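The values are calculated or read from the model by the stated rules, or taken from the named source; none is laboratory data. Owing to the predicted nature of the structure, the values given are computational and were not obtained by experimental measurement. Here the Cβ positions follow ideal geometry from the backbone for every residue, glycine too, while neighbour counts run over all protein chains shown.
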Amino acid sequence: MTILVFLAVRGLAQEATDKLAVRVREEVLDQRSPIEINVSTHGITTLQFPAHIDALDGDGFATKPDQANAQFLLVAGDTWVSLKSLQAGAEQNLNVIIHGKVYPIVVKSTQENDYSVLFREPSVGPLPKTSLSDLRRHVSRKRISSARIVGLLDKVKGYPTFSQLAPAMYVGMDVNEPGREGKGVSENDQIKTVIQRVIRDNQMDALAFEVEITNKTDQAYKYDPANFAVRVGEEVYVNTLGDGQGLIPAHAQQTAYFIIAGSSNSNLPNDLSVYNDFLAIVRGVQ
């Protein structure tokens, strides 16, 4: 009797494990055969792709849950997309563009969502046992150029608008807003700085910062917009490009932007996360 009970319990446990395993699956990308993905209102589904995502195109997908006509919440990285349903029974197609080829995916809102779907190209065998956290180490690097740095600066300056109208611009980028959580704040007798937003271009190994600067004094405060920096622990990273008015009237507030590309040690990669505890350094000019 004891053996029978043990076997029954083990059988139920195995059945439960099998049901969960079905919600993690592998699919082959096919331009002519749309693949169905199950998402839900109470869980996250992550799609892992074998290469850099060039662009995403779809109707009803939003980066914030309060956007108009939003049916699905979408967060994208360089080679992955995370989805959550905002409406029960919703269904939309999402076109994923990789290497200039369009792969159609049908996203459906169901009771039980897929945990993750791992895609591979037709000519490639089964995917290696690689965790999502390891993918970032293998992201191909873009060559840093003046045009790309200026482009990243434009993306951080226009983020409130572009993220709504053209979210595909931020594919392959990480975004964090430490100011909303009371982080990224530094202060002295003259000014207070708050890092409102950090955007990382993973392929270029560069970070863009949006900083709010408040003049606490009764006099105009002059600073050098070409000489911003951030501190992370004991390391200081000097900006590659900065943009600011350079003069803040008494008791006024301004927003400035700057880019950190590469490392504090010559040309080594910085691999800095947007979730680091950054403190902005604004250098005054006498």
Next on the checklist: Quick check on my filter: what residues within region 25-58 are assigned to a loop (DSSP other than H, G, I, E, B) and among the hydrophobic types (A, V, I, L, M, F, W, C)?
Outcome noted: L29, I44, F49, A51, I53
Checklist entry - From the set of residues in region 163-191 that are within 19 Å of D201 (Cβ to Cβ) and aliphatic (A, V, I, L, M), which is surrounded by the fewest Cβ atoms within 10 Å (Cβ to Cβ)? => result A166
Checklist entry - Any idea how many residues of region 57-82 are closer than 12 Å to P167 by Cβ, surrounded by fewer than 18 Cβ atoms within 10 Å (Cβ to Cβ) and of a type in the set (A, V, I, L, M, F, W, C)? => result 2
Item to check | V9 vs. criteria among the hydrophobic types (A, V, I, L, M, F, W, C) and modelled with pLDDT of 55 or more | outcome: no
Item to check | Members of region 80-94 found to be small (G, A, S) and within 19 Å of the chain's Cα centre (by Cα), listed by number | outcome: S82, S85
Checklist entry - Which of (1) touching a residue at least 60 places away in the same chain (Cβ under 8 Å); (2) polar (S, T, N, Q); (3) closer than 24 Å to R180 by Cβ does N215 not meet, given it meets every other one? => result (1)
Checklist entry - Do we have any residue at all in region 208-219 that's buried (at least 20 other Cβ atoms within 10 Å of the Cβ), in the same structural domain as G246 (by TED's automatic domain parsing) and basic (K, R)? => result no
Checklist entry - For region 185-195, does any single residue satisfy the condition of being modelled with pLDDT under 90, touching a strand residue (DSSP E or B) at 6+ places or on another chain (Cβ under 6 Å) and assigned to a strand (DSSP E or B)? => result no
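Rundown of residues vs (1) at pLDDT 95 or above; (2) more than 19 Å from V282 (Cα to Cα); (3) among the acidic types (D, E), yes/no style:
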position: R136; (1), (2), (3): no, yes, no
position: K155; (1), (2), (3): no, yes, no
position: G179; (1), (2), (3): no, no, no
position: V211; (1), (2), (3): yes, no, no
position: N215; (1), (2), (3): yes, no, no
Checklist entry - From the set of residues in region 108-134 that are at pLDDT 50 or above and small (G, A, S), which is nearest to L73 (Cα to Cα)? => result S109
Checklist entry - With respect to the numbered conditions (1) over 18 Å from V274 (Cβ atoms); (2) in contact with a Lys or Arg (Cβ under 8 Å, 6 or more places away or on another chain); (3) of a type in the set (A, V, I, L, M), which one is the sole condition not fulfilled by A229? => result (1)
Next on the checklist: Quick test of your reading of the structure: V156 fulfils all but one of (1) assigned to a strand (DSSP E or B); (2) buried (at least 18 other Cβ atoms within 10 Å of the Cβ); (3) aliphatic (A, V, I, L, M). Name the failing condition by number.
Outcome noted: (1)
Item to check | Tally, over region 98-107, of residues that are under 15 Å from D54 (Cα atoms) and either at pLDDT below 90 or surrounded by fewer than 18 Cβ atoms within 10 Å (Cβ to Cβ) (or both) | outcome: 6
